[in-house]
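The values are calculated or read from the model by the stated rules, or taken from the named source; none is laboratory data. Just so we're clear, the structure is a prediction, and the values are computed from it rather than from any experiment. Neighbour counts run over all protein chains shown; Cβ positions are idealised from the backbone, glycine included. Accessible surface areas use protein heavy atoms only, side chains included; no ligands, DNA or RNA. Shrake-Rupley method; radii C 1.70, N 1.55, O 1.52, S 1.80 Å.
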Amino acid sequence: MRARLIKSREIGPEVRHFVFDVPATDRLDFTPGQFVSFSQDILGRTVTRAYSIASAPAGSHFELCLNRVKDGIFSPWLFEMQPGDTIELQGPLGYFVPREPFRDSIFVATGTGIAPFRACLQWPPMVGSASAITLLFGARYQEGLVYCGEFEQLERTRPRFRFMPTITRPDAGWQGRTGWVQQHLDEALAGRLDVDVYICGLRAMVDDVRENLKRKGLTRQQLIYEKYD
């Protein structure tokens, strides 16, 4: 199949939000947490990259949250796409999806690792569930807390949803949490060990969070994760 770019916009430093559709189908079926693979001939060779979907299923549309990789091959090309441009698509694929039955959970993300969690938090079965959800989201700068307004609104409207943003390089005006997500795991757990924890981001963060949680008493079966490198 081919995906067609509908629009894109900058939402953070070197981060863009993309909206695509798939003209060949009326409905792109996937479960929040899955990813698509894009392939494109660049500089004489076929390059393929996988990207988590950042939206819940909605007809033939899907959304992505991508950062421009310094000295990268694929992301600079994607950032130059114009509305109407198309790209080869495979998927959706992947197993980083909400467990069934879904129970009280903590989502831990850094950077564009927020994408699959945004998809989950737009999904009616999850938004309408009675399960408690805590989103612990870390970035370097306040501007890197993409979709922050959406999560703050969800915290106001969905019972048992808690949003915990943290940044490592605060400016003088920041009054929220500071430091790595690892430093706020105890607050997110709130003394509980009977929750599932979903983790998404770069390998170093994911591995460190997993080890932290194991030391606190969570089992390997309670830790669901996806690494972006």
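Under 9 Å by Cβ, and 6 or more places apart or on different chains, what pairs join a residue from the range 42-54 that is aromatic (Phe, Trp, Tyr) with one that is modelled with pLDDT of 95 or more and open to solvent by 20 Å² or more (accessible area, probe 1.4 Å)?
TYR51/PHE35
Yes or no: the range 13-35 includes at least one residue that is polar (S, T, N, Q), touching a Pro at 6+ places or on another chain (Cβ under 8 Å) and closer than 17 Å to CYS200 by Cβ.
Our first condition is that a residue be polar (S, T, N, Q); within the range 13-35, this holds for 25, 31, 34.
If we keep only those that are touching a Pro at 6+ places or on another chain (Cβ under 8 Å) as well, we get 31, 34.
Checking the rest, the ones that are also closer than 17 Å to CYS200 by Cβ come to 31, 34.
Scanning the range 13-35, I find at least one residue that is polar (S, T, N, Q), touching a Pro at 6+ places or on another chain (Cβ under 8 Å) and closer than 17 Å to CYS200 by Cβ, so the answer is yes.
Go through the range 64-77 and give me each residue that's buried (at least 20 other Cβ atoms within 10 Å of the Cβ) and charged (D, E, K, R).
None; the set is empty.
Hey, could you check the range 178-193 for residues that are at pLDDT 95 or above and among the charged types (D, E, K, R) and say which is surrounded by the most Cβ atoms within 10 Å (Cβ to Cβ)?
Checked the range 178-193; the qualifying residue surrounded by the most Cβ atoms within 10 Å (Cβ to Cβ) is GLU187.
Please count how many residues of the range 13-59 are loosely packed, with under 12 Cβ neighbours inside 10 Å, closer than 20 Å to GLU80 by Cα and not β-branched (Val, Ile, Thr).
Summing the residues that are loosely packed, with under 12 Cβ neighbours inside 10 Å, closer than 20 Å to GLU80 by Cα and not β-branched (Val, Ile, Thr) in the range 13-59 gives 4.
For the range 115-155, give me each residue that is over 26 Å from VAL36 (Cα atoms), out of contact with any strand residue (DSSP E or B) (no Cβ under 7 Å at 6 or more places or on another chain) and at pLDDT 95 or above.
ALA132, GLN153 - these are the residues of the range 115-155 that are over 26 Å from VAL36 (Cα atoms), out of contact with any strand residue (DSSP E or B) (no Cβ under 7 Å at 6 or more places or on another chain) and at pLDDT 95 or above.
Determine whether GLY84 is farther than 27 Å from GLN183 by Cα, modelled with pLDDT under 90 and open to solvent by 20 Å² or more (accessible area, probe 1.4 Å).
no
GLN122: open to solvent by less than 50 Å² (accessible area, probe 1.4 Å) and either touching a residue at least 24 places away in the same chain (Cβ under 8 Å) or on the phi < 0 side of the Ramachandran plot (or both), yes or no? Break it down stepwise before answering.
On the way: open to solvent by less than 50 Å² (accessible area, probe 1.4 Å): no; either touching a residue at least 24 places away in the same chain (Cβ under 8 Å) or on the phi < 0 side of the Ramachandran plot (or both): yes.
So GLN122 fails the test.
If SER105 passes every condition in (1) open to solvent by 10 Å² or more (accessible area, probe 1.4 Å); (2) within 17 Å of the chain's Cα centre (by Cα); (3) of a type in the set (Ser, Thr, Tyr) but one, which one does it miss?
If we test SER105 against (1) open to solvent by 10 Å² or more (accessible area, probe 1.4 Å); (2) within 17 Å of the chain's Cα centre (by Cα); (3) of a type in the set (Ser, Thr, Tyr), just (1) comes out false.
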